[in-house]
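The values are calculated or read from the model by the stated rules, or taken from the named source; none is laboratory data. Quick caveat, the model's predicted, so the values are computed rather than measured. Glycine also receives a Cβ, built like all others from the backbone with ideal geometry; neighbour counts cover every protein chain displayed.
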Amino acid sequence: MNQPYVPDYPLLCAPLRVGRVTLRSRMCSAPMGFPDLTEDGCLTEGAIAFYENRARGGAAIVTVSEACVDYENGKSHGRLINLCNPGVLAGLTNCARAIRRHGALASVELNHAGMLSDFDVVTAERRRDENVHYGPSDTVLPTGTVVRAMSQAQIREAIACFARGAALCKRAGFDMLMLHAGHGWLIHQFLSPLTNKRTDDYGGSREKRFRFALEVLDAVRAAVGPDFPIELRFSAMETAPGGITLPDAVAFAEAVQDRVDILHVSAGGEPDFHVTHPPMFSAPGCNVHYAAEIEKHVRIPVATVGALNEPAQMEEILASGQADIVCMARALLADPELPKKVAQNRADEILRCIRCFTCHAERMLTQTRICALNPQIGREYEAKFDAPPTAPKRLLIAGGGPGGMQAAVTAARRGHHVTLCEASDALGGNLRCEAHVPFKAAFPKYIATMTRQMELAGVEVRLNTPVTPELVRDFAPDALFIAVGAQAARPPIPGIDGDNVVYGTQLEQREGELGPRVAVIGGGLVGCESGLYLAQKGHTVTILEMRGDVAVDANPRHRPALLAELAAHTTVRTGLRVTEITPAGVRCADGTGEAVFIEADSVLCAAGLQPRRETVDALRGLAPIVEVIGDCVKPDIIRGATYRAYHAALDL
């Protein structure tokens, strides 16, 4: 007899009535832009599929991000949805329909960048002075950009732009909208004492700094009518002295609560990227306490956001009254089906975001949106046309690291018969050496989730089973995927074989052997993160790097956060070539050849990885289809392994 359904997380799964609409749960998709737009700011099929994926995954609200209300004066960066372009209506309409047909509420975020506008695609003929930006007050940005105070007429026009944009989105069929009043954009600029130095009715006291936001809200309300839900996103603090404080945010929330239906509480101003988007070094849910304080002072639902992807923690946030709604952005890149899995009591299948910033960095570097763990992100539309396998194949996979596991899951879900062999006694590959690091706590969860997904997909896993040529010949697979990974590089340094030397790949097993003072050879990503971990554990750590800088292989969003942590906890020495390791420390030579000695009880060698090419070469040519994936091709971050593995499995 079937048991009655009882949700494991009843509050997360509970509906919520907001105005004239009902949220099917308390789990919502926070705004996250998709940069694959047309040059004039219209949604592409790829962008629509990106948002539809979140609706299909069970989010209660899916918020389409970065719809610019004034593309000439208020575009923040790159390509954004251009609400000033009449041609945008069709794409908006199709996007709203795509979201709604899966039972989610379709919302759209309206924004104006103000003095932080980016005019890279605005022609000079459309502006009197292409080099001048407009904001609340006269100033000069650190970049040297001149900002002029908006006139009363410009303020009225900006307000009208918000109203016109809101009306257009309602016409397109959206169920609600979000006004962005945080993160350093125009409305935030008027709210913040740091950027609003006006002496007229729009600056000075709190109440006057609130005026622009209130007038925008009134104009938007008039444009969409009394029953159309409005969500207001704002920052509860700025880190710079003299900026917005939590008491300011409380006063603002009290002032606007009768004009909006949901208060979406975020944090940070324009320079505070790692406050707004918490890195892996921050605690999960580190910004929730701001929403909790706002919750005490208002009568309407409060949403919280930032480093949230653990169902138990999110349930507790609701149970303790810190918020009424939890919003996720990066978490729904890693696993768009997170809300659905929570509702179906399948939390052990959730692929949790590791906060590596691949998604944000890739947008900066290539104007694309991808995820290190989820190779489907960025190809949601393309995936609709994936051809099914012509016939199921017997696939043998050598190696149980990220690449091997991703290939196994993808191939098995497509109907192939998959056997994965791992030479060691556990899955995870080189991720296992970081599984004990607190700021990498998502890594063991990733391994556990992929293990569970392989189990559900019917993958046969054989541990303690090296794949040899003899095994392949006996198995006679239709296809062989080689994902045997890489091993620690052993630089030719005198003393490298000493008992005081531990390799980065051995850190989990041999950490207890390390003395109080540790010298790290290698200032790449692995050396820096391992050194930081040891410093946080109480060791005195010196990181040694031949080049002029460290962590140059880290992505441009993760690197600043990592460097800040290194500066706070370690000593970094660059331009040093290690010449010898002794029991007392490390001998080096600087750029002039002068000797430098670093005292150390132990040495952690993080001088890179070497692909296991001999193993790969021994297995080539032993099956009709052979694919080589992961670090055994070229050592890379996890993204490289998952992407190649996923597409190799699609090609079967």
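Observations on the structure shown:
- Residue under evaluation V550, criteria (1) touching a His at 6+ places or on another chain (Cβ under 7 Å); (2) in a loop (DSSP other than H, G, I, E, B); (3) of a type outside the set (D, E, K, R), criterion not met: (1)
- Residues that are more than 26 Å from the chain's Cα centre (by Cα), under 26 Å from V501 (Cβ atoms) and free of Cβ contacts under 8 Å to residues at least 24 places away in the same chain, drawn from region 595-640: A595, V596, F597, R613, E614
- Going through (1) touching a strand residue (DSSP E or B) at 6+ places or on another chain (Cβ under 9 Å); (2) outside the structural domain of V526 (by TED's automatic domain parsing) one by one, Y646 falls short only on (1).
- All positions within region 503-524 that are hydrophobic (A, V, I, L, M, F, W, C) and at pLDDT below 95: L507
- Selection within region 227-275: residues that are in contact (Cβ under 8 Å) with a residue 60 or more places away in the chain and assigned to a strand (DSSP E or B). The member of this set that is surrounded by the most Cβ atoms within 10 Å (Cβ to Cβ) is H264.
- Check on D218, loosely packed, with under 14 Cβ neighbours inside 10 Å and at pLDDT 95 or above: yes
- For first residues located in region 328-354 and within 13 Å of G58 (Cα to Cα), partners that are in a loop (DSSP other than H, G, I, E, B) and among the hydroxyl-bearing types (S, T, Y) and lie 6+ apart or on another chain with Cβ distances below 7 Å form the pairs P339/S25; V342/Y9; A343/S25.
- Within region 93-118, considering residues that are within 30 Å of V140 (Cβ to Cβ) and polar (S, T, N, Q), the one modelled with the lowest pLDDT: S117
- In region 17-35, residue nearest to G378 (Cα to Cα) [restricted to those that are β-branched (V, I, T) and surrounded by 15 or more Cβ atoms within 10 Å (Cβ to Cβ)]: V21
- When the residues of region 606-646 are filtered to those that are in a strand (DSSP E or B) and hydrophobic (A, V, I, L, M, F, W, C), the one that is surrounded by the fewest Cβ atoms within 10 Å (Cβ to Cβ) is I625.
- Output for region 186-215, where each listed residue is surrounded by fewer than 23 Cβ atoms within 10 Å (Cβ to Cβ), over 18 Å from A255 (Cα atoms) and not hydroxyl-bearing (S, T, Y): L194, N196, K197, R198, D200
- Filter result for R148 (buried (at least 23 other Cβ atoms within 10 Å of the Cβ) and either in contact (Cβ under 8 Å) with a residue 60 or more places away in the chain or among the charged types (D, E, K, R) (or both)): no
- Flag if A561 is in a loop (DSSP other than H, G, I, E, B), within 21 Å of the chain's Cα centre (by Cα) and among the small types (G, A, S): no
Listed here are the residues, each with its yes/no results for (1) closer than 30 Å to Q313 by Cα; (2) buried (at least 21 other Cβ atoms within 10 Å of the Cβ).
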site	(1), (2)
Q3	yes, no
L11	yes, no
P15	yes, no
E39	no, no
C42	no, no
V64	yes, yes
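- The single residue among N94, N53, N85 that is outside any strand (DSSP E or B), over 19 Å from L179 (Cβ atoms) and either under 20 Å from the mean Cα position of the chain (by Cα) or free of Cβ contacts under 8 Å to residues at least 12 places away in the same chain (or both) turns out to be N53.
- Residue, surrounded by the fewest Cβ atoms within 10 Å (Cβ to Cβ), within region 412-441, restricted to residues that are more than 26 Å from L604 (Cβ to Cβ) and among the charged types (D, E, K, R): R413
- Test: residue in region 296-318 that is assigned to a loop (DSSP other than H, G, I, E, B), closer than 16 Å to M32 by Cα and among the acidic types (D, E): no
- If the condition is being free of Cβ contacts under 8 Å to residues at least 24 places away in the same chain and surrounded by 13 or more Cβ atoms within 10 Å (Cβ to Cβ), then region 363-377 contributes no residue at all.
- Candidates in region 22-58 are the residues that are at pLDDT 95 or above and aliphatic (A, V, I, L, M); of these, the one that is nearest to L365 (Cα to Cα) is A47.
- Residue among E545, E565, E599 that is charged (D, E, K, R), more than 28 Å from H360 (Cα to Cα) and modelled with pLDDT of 95 or more: E599
- Total residues in region 73-92 satisfying the condition of being among the small types (G, A, S) and either at pLDDT below 90 or buried (at least 24 other Cβ atoms within 10 Å of the Cβ) (or both): the figure is 3.
- Of all residues in region 341-348, none satisfies being buried (at least 24 other Cβ atoms within 10 Å of the Cβ), assigned to a loop (DSSP other than H, G, I, E, B) and at pLDDT 95 or above.
- Failed item in (1) surrounded by fewer than 20 Cβ atoms within 10 Å (Cβ to Cβ); (2) outside any helix (DSSP H, G or I), with R473 passing the rest: (2)
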